[in-house]
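Trainee: Here it is: the structure, laid out below.
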Amino acid sequence: MDSRSTTPRSGSGPSSGGLTIASRPERVPASRLHVDPVDACIDSAGEASRLARRFGENHSPLGMWSVQFRTYVAESGRVLAVGPMSVWVLGSTFAEALAYVVVGDGGGNRAEQAPWLRNRLT
């Protein structure tokens, strides 16, 4: 993928079904969402179960946000990113999450502490 477009490059690796949406150059900090549900499924079942128990709806793996945080889309359409004991609500809809990734929201902090993510066994 070209980092500034949503156009896939040919031969971009074994998972070449992914799509990368990058932020505008003026967005600080820079952001990107790599959408690849097949790759995102790897080792995500336990985390998806914890999200479902916490928020009362199923969450499906979506991809990666800013290279390091798994993203999930809920049955309601809400998009979450999950990091070490933190959850970011990227948007209440997929369209809102894309807008946040591309243009941001003026520096608002969307991170919520999530110590309940610590239990990696269930």
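The values are calculated or read from the model by the stated rules, or taken from the named source; none is laboratory data. These numbers come from a predicted model, not from an experiment. Counting neighbours? That spans all protein chains shown, and the Cβs are built from the backbone with ideal geometry, glycine included. The area values use the complete protein model at the heavy-atom level, side chains included, leaving out ligands, DNA and RNA. Shrake-Rupley method; radii C 1.70, N 1.55, O 1.52, S 1.80 Å.
Trainee: Pop a pseudo-label 7 angstrom from the Cα along the beta-carbon direction at both residue 76 and residue 98 and give the gap in nm to one decimal.
Mentor: Each label point lies 7 Å from its Cα, and together they span 2.1 nm.
Trainee: At 0.36 nm per residue, and after removing the present C-alpha to C-alpha distance, how many nm does the segment from residue 45 to residue 58 gain when stretched out fully?
Mentor: In short, 3.6 nm is gained.
Trainee: Return the carbon/sulfur percentage of the accessible area of region 39-122, one whole number, probe 1.4 Å, all protein chains in place.
Mentor: C and S atoms contribute 54 percent here.
Trainee: On to the next question. Return, ordered by residue number, the residues of region 84-99 whose backbone nitrogen is under 11 Å from a label point located 7 Å along Cα→Cβ of residue 118.
Mentor: Only 85 fall inside the zone, counting backbone N under 11 Å.
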